[in-house]
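Working notes for the structure below.
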Amino acid sequence: MSKNQNDLPFREVAETFDSMEKITSRISLTQLLVKLIKDTPPEVIGKVVYLIQGRLGPDWKDIPELGVGEKLIIQALSIAFGKTEQEVNKIYNSVGDLGKVAESFSQSKQKKSSLMAFIGSESSYLTVGRVFDSFLKIAYSQGEGSRDLKLRLIAGLLKDAQPIEARYIVRFLEGRLRLGIGDATILDALSISYGGSTSYREIVERAYNLRADLGEIAYIIATQGIESIKELKPEIGTPIRPMLAERLSDPEEILQKVQGKGFVEYKYDGERGQFHKDGDNVRIFSRRLEDITDMYPDVVEAIKNSVKSNKVIFEGEIVAYDTDTGELRPFQELMHRRRKYDIQKMVEEIPVKAFLFDVLLNEDEDLTRKTLPYRRKILENIVNETDKINIAKYIETDDPKTLWNFFLTAISEGAEGVMVKAIHDESIYRAGVRGWLWIKLKRDYKSEMTDTVDLVAVGGFYGRGRRGGKIGTLLFAAYDPENDVFRTVCKVGSGYTDDDLNKMYDLFKPYIIDHKHPRVESSIEPDLWFEPVRVAEIIGAELTLSPLHTCCYNKLKEGAGLSIRFPRFIRWREDKGPEDATTEEELIEMYNGQLKKIEEKQTKEEVQ
Ligand code: ATP
């Protein structure tokens, strides 16, 4: 068989796969991979790596599915080997493995044609290039006539395949390679093959974390040498594997872990976005590196308008919010944006904004090796904050108490908790790594609200957007009968009908006063103060501690009161006077009674 210097006989790949199936130790698997990689010419190393991974490229490239079902393979087998579909089905039913069926057909064909020197026939041997390119064509053939084209391509491959090759062609098409080779083993094998030992493993891994494409990394190493990847930078358009956080629940311990002080940022409850801006071209990748650009045309537009640099990669959280009040909305609402159709309608129904928290490339400067304070400064310099694009709210602190209060404030404002981030000299962006440079602080418990409460309106805020000039948000309080005072619980900007909003000012006009009412205790200053008269029924997602509100202050936790997360107006309770409102005691009972341990891996992962 004459060898093409720029390609590899597919048989070598198939034989390696066959050997891999027979062993279980990772060391032996790695050795087999190393041999295969060493035998592979640089031109096709990327393709070999993808084949090992059982895919045609990284997920984020959005290569279409192969779209090959069992039926199509059975038809292809019947064409390639001159059998009827019934014959194929019969053998398939007894063997139970289409790969094996293909192999046995190919074997009998080989026996028959051995006289014609089938083996080693110059024209018919398969190369990695041909097999891989046929797979790609199969994936990209869509729409009318695509079934026939797929059929022809598969039958063509099977006709020219050796038995062992036929087995793996079919397995690949079925998505059933199951070689048990993870990314880590491939990284080891690349490091040994091109660097002589696993001592290069770390830099190979870093390269992969910066360019989430193992085939591409293998190609760069094979063509430019393993040393070259030490200087590898992020590239616009190729997603970076995200840096991840550890989790702790004690503020003091958290600060110790980041060497005493750090940035404490709101941990927004939305969808992580990695934004790649190249001039006017913006792409967004998800936490799992899928291209989600089409789902957020409004964010794309906002980024174009508010980021000064030409070429930049940054990260942030996309969150649903209420344009009238500015309040953040729960994650579940954002998920309505995750669809392929009617996007424009969703853009209007579920407005979103992005809170940026990191920048990884600015023009040609690789920022992943710079400290967080340095990166943050760049972020602040290149972003003009707008309604749609903000920088994540943060403070710098070395004090556990300040951290804790900021955490409670974050939650009562709709965030999920905080992210504490190291700011010392080693505080680089560690792509793809979960480590102690970032630590998330979330609640262990939440007090789900299953019942409504009746609260007294004590102040009002003017709205924005559609509600500009009108009262759009009210400040509500609970009653403390012992001291005969009203203490604030929450600001409510959702749940009102247009009619409610139109009538709001008139409703409160008789009660507007120019100072805080003596029976009201509040640390929040609304635009308008009211006499505590009107009572409303309110529901929310949960009761939560908050340093912003005076209700139950210091009663459950020092330095915190009780508040409602994502509160919503239901209706006015004309039948209730202010002294009939829900009392502090009742709220404490509700809080304790509805306290539930938060399940790890909640809805977020299920939905994403
Ligand atoms: P993980 O991403 O750690 O595997 P997860 O997907 O369940 O777990 P969380 O544990 O809730 O997510 O926390 C990490 C996520 O928090 C990030 O991936 C990001 O989407 C989000 N996030 C929100 N605000 C920030 C912020 N200020 N800095 C970093 N991440 C943030």
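The values are calculated or read from the model by the stated rules, or taken from the named source; none is laboratory data. Small disclaimer: the values here were computed from a predicted structure and weren't measured. Heads up, the Cβs are rebuilt from the backbone with ideal geometry, glycines too, and the neighbour counts pull from every protein chain shown. Areas reflect the complete protein model, heavy atoms only, side chains present, ligands, DNA and RNA absent. Shrake-Rupley method; radii C 1.70, N 1.55, O 1.52, S 1.80 Å.
Could you count how many residues in the range 367-384 are touching a Leu at 6+ places or on another chain (Cβ under 8 Å) and open to solvent by 30 Å² or more (accessible area, probe 1.4 Å)?
Number satisfying all stated conditions: 1.
Does Thr223 satisfy the condition of being hydroxyl-bearing (Ser, Thr, Tyr), open to solvent by 50 Å² or more (accessible area, probe 1.4 Å) and free of Cβ contacts under 8 Å to residues at least 40 places away in the same chain?
It is false that Thr223 is hydroxyl-bearing (Ser, Thr, Tyr), open to solvent by 50 Å² or more (accessible area, probe 1.4 Å) and free of Cβ contacts under 8 Å to residues at least 40 places away in the same chain.
Which residue is nearest to the ligand (Cβ to nearest atom), if the candidates are limited to the range 310-320 and must be open to solvent by 10 Å² or more (accessible area, probe 1.4 Å) and not acidic (Asp, Glu)?
The first filter runs over the range 310-320 and keeps only residues open to solvent by 10 Å² or more (accessible area, probe 1.4 Å), leaving 310-311, 317.
Now drop any that are not not acidic (Asp, Glu), which leaves 310-311.
Details: Asn310: 25, Lys311: 22 Å.
Looking at the filtered set, the residue picked out is Lys311.
Going by the structure shown, is Ile254 within 15 Å of the ligand (Cβ to nearest atom), in contact with a Ser or Thr (Cβ under 6 Å, 6 or more places away or on another chain) and open to solvent by less than 20 Å² (accessible area, probe 1.4 Å)?
no
Any idea which of Leu543, Leu595, Leu587 is more than 16 Å from the ligand (Cβ to nearest atom) and touching a Cys at 6+ places or on another chain (Cβ under 7 Å)?
Leu587
Residue by residue through the range 212-234, note down the ones that are more than 27 Å from Asp62 (Cβ to Cβ) and of a type in the set (A, V, I, L, M, F, W, C). Explain how you work it out, then say what you get.
From the range 212-234, those more than 27 Å from Asp62 (Cβ to Cβ) are 225-228, 230-231; that's our starting set.
Ile226, the sole residue that qualifies.
Looking at Asp500, is it surrounded by 14 or more Cβ atoms within 10 Å (Cβ to Cβ), in contact with a strand residue (DSSP E or B) (Cβ under 8 Å, 6 or more places away or on another chain) and modelled with pLDDT under 95?
Yes; evaluated as a whole, the condition is true for this residue.
Can you go through Ile539, Ile598 and tell me which one is closer than 30 Å to Glu317 by Cα, touching a strand residue (DSSP E or B) at 6+ places or on another chain (Cβ under 6 Å) and surrounded by 12 or more Cβ atoms within 10 Å (Cβ to Cβ)?
Ile539
Are there any pairs with C-beta distances below 6 angstrom linking a residue in the range 378-401 that is closer than 16 Å to Val264 by Cα and modelled with pLDDT of 95 or more to a residue that is assigned to a loop (DSSP other than H, G, I, E, B) and away from the ligand (no atom under 15 Å from the Cβ), with the two at least 6 apart or on different chains, and if so which?
From the range 378-401, the pairs are Asp398/Gly260; Asp398/Lys261.
With respect to Gly69, determine if the residue is among the small types (Gly, Ala, Ser), on the phi > 0 side of the Ramachandran plot and open to solvent by less than 70 Å² (accessible area, probe 1.4 Å).
When the stated conditions are applied, Gly69 does not pass them.
Among all residue pairs at least 6 apart or on different chains, which show Cβ distances below 8 Å where the first residue, located in the range 142-157, is of a type outside the set (A, V, I, L, M) and the second is open to solvent by 50 Å² or more (accessible area, probe 1.4 Å)?
Qualifying pairs under 8 Å: Gln142/Gly67; Ser146/Gly67; Lys150/Gly67.
I need the full set of residues from the range 385-403 which are within 16 Å of the ligand (Cβ to nearest atom), farther than 17 Å from Ile254 by Cβ and surrounded by fewer than 16 Cβ atoms within 10 Å (Cβ to Cβ), in order please.
Matches in the range 385-403: Glu385 only.
On the given criteria, is Ile240 of a type outside the set (Phe, Trp, Tyr), part of a loop (DSSP other than H, G, I, E, B) and open to solvent by 20 Å² or more (accessible area, probe 1.4 Å)?
no
Give the range 97-116 a look and list any residue that's open to solvent by 30 Å² or more (accessible area, probe 1.4 Å) and at pLDDT 90 or above, or say none. Working first, answer last.
Restricting attention to the range 97-116, the residues satisfying the condition of being open to solvent by 30 Å² or more (accessible area, probe 1.4 Å) are 97, 100, 104, 107-112, 114-116.
Selection gives Asp97, Lys100, Ser104, Gln107.
I'd like the full set of residues that are crowded, with 17+ Cβ neighbours inside 10 Å and either away from the ligand (no atom under 14 Å from the Cβ) or in a strand (DSSP E or B) (or both), limited to the range 292-308.
Thr293, Met295, Tyr296, Asp298, Val299, Val300, Ala302, Ile303, Ser306, Val307
Of the residues Ser447, Ser494, Ser523, which single one is of a type outside the set (Phe, Trp, Tyr) and modelled with pLDDT of 95 or more?
Ser523
Among the residues of the range 420-427, is any more than 15 Å from Val533 (Cα to Cα) and open to solvent by 40 Å² or more (accessible area, probe 1.4 Å)?
At the first step, the residues of the range 420-427 found to be more than 15 Å from Val533 (Cα to Cα) are 420-427.
Among the residues that remain, those that are also open to solvent by 40 Å² or more (accessible area, probe 1.4 Å) are: 425-426.
Yes, the range 420-427 has at least one match.
Of all residues in the range 554-577, which are closer than 21 Å to Gly417 by Cβ and surrounded by 18 or more Cβ atoms within 10 Å (Cβ to Cβ)?
Answer for the range 554-577, where residues must be closer than 21 Å to Gly417 by Cβ and surrounded by 18 or more Cβ atoms within 10 Å (Cβ to Cβ): Ala560, Gly561, Leu562, Ser563, Ile564, Arg565, Phe566, Pro567.
What pairs come up if the first residue lies in the range 423-440 and is among the β-branched types (Val, Ile, Thr) and within 11 Å of the ligand (Cβ to nearest atom), the second is open to solvent by 20 Å² or more (accessible area, probe 1.4 Å) and in a loop (DSSP other than H, G, I, E, B), and their beta carbons are under 8 Å apart, counting only those six or more places apart or on different chains?
Every condition considered, the pairs that remain are Ile439/Leu248.
Taking only the range 504-561 into account, find how many residues are touching a residue at least 12 places away in the same chain (Cβ under 8 Å), within 15 Å of Thr488 (Cα to Cα) and more than 43 Å from the chain's Cα centre (by Cα).
Number satisfying all stated conditions: 9.
Select from the range 235-251 the residues that are out of contact with any Pro (no Cβ under 6 Å at 6 or more places or on another chain) and closer than 20 Å to Lys61 by Cα and write down the one among them that is nearest to the ligand (Cβ to nearest atom).
Only one residue tops the list, namely Pro242.
Take the residues in the range 266-291 that are open to solvent by 10 Å² or more (accessible area, probe 1.4 Å), in a loop (DSSP other than H, G, I, E, B) and not aromatic (Phe, Trp, Tyr); name whichever of them is nearest to the ligand (Cβ to nearest atom).
For the range 266-291, the residue satisfying everything is Arg287.
Among the residues of the range 117-140, which ones are modelled with pLDDT under 95, over 16 Å from Phe81 (Cβ atoms) and of a type outside the set (D, E, K, R)?
Across the range 117-140, the qualifying residues are Ala117, Ile119, Gly120, Ser121, Ser123, Tyr125.
I'd like the full set of residues that are assigned to a loop (DSSP other than H, G, I, E, B), out of contact with any helix residue (DSSP H, G or I) (no Cβ under 6 Å at 6 or more places or on another chain) and open to solvent by 60 Å² or more (accessible area, probe 1.4 Å), limited to the range 1-52.
If we filter the range 1-52 for residues that are assigned to a loop (DSSP other than H, G, I, E, B), which is where we start, we get 1-8, 23-25, 40-41.
Narrowing the set further to residues that are out of contact with any helix residue (DSSP H, G or I) (no Cβ under 6 Å at 6 or more places or on another chain) leaves 1-5, 23-25, 41.
Across the range 1-52, the qualifying residues are Met1, Ser2, Lys3, Asn4, Gln5, Thr24.
Got at least one residue in the range 433-444 being among the hydrophobic types (A, V, I, L, M, F, W, C), closer than 30 Å to Glu202 by Cα and either surrounded by fewer than 20 Cβ atoms within 10 Å (Cβ to Cβ) or touching a Cys at 6+ places or on another chain (Cβ under 8 Å) (or both)? Spell out how you get there, then give the answer.
Initial filter on the range 433-444 (among the hydrophobic types (A, V, I, L, M, F, W, C)): 433, 436-439, 441.
Going one step further and asking which of them are closer than 30 Å to Glu202 by Cα, we end up with 433, 436-439, 441.
Those still in the list that are either surrounded by fewer than 20 Cβ atoms within 10 Å (Cβ to Cβ) or touching a Cys at 6+ places or on another chain (Cβ under 8 Å) (or both) too: 433, 436.
For the range 433-444, residues among the hydrophobic types (A, V, I, L, M, F, W, C), closer than 30 Å to Glu202 by Cα and either surrounded by fewer than 20 Cβ atoms within 10 Å (Cβ to Cβ) or touching a Cys at 6+ places or on another chain (Cβ under 8 Å) (or both): present.
Which of the residues spanning the range 462-491 are at pLDDT below 95 and of a type in the set (A, V, I, L, M, F, W, C)?
Ile471
Please tell me if Val492 is aliphatic (A, V, I, L, M), in contact (Cβ under 8 Å) with a residue 60 or more places away in the chain and at negative phi. Please lay out each step first, then the result.
Numbers: aliphatic (A, V, I, L, M): yes; in contact (Cβ under 8 Å) with a residue 60 or more places away in the chain: yes; at negative phi: yes.
Judged against the criteria, Val492 is a match.
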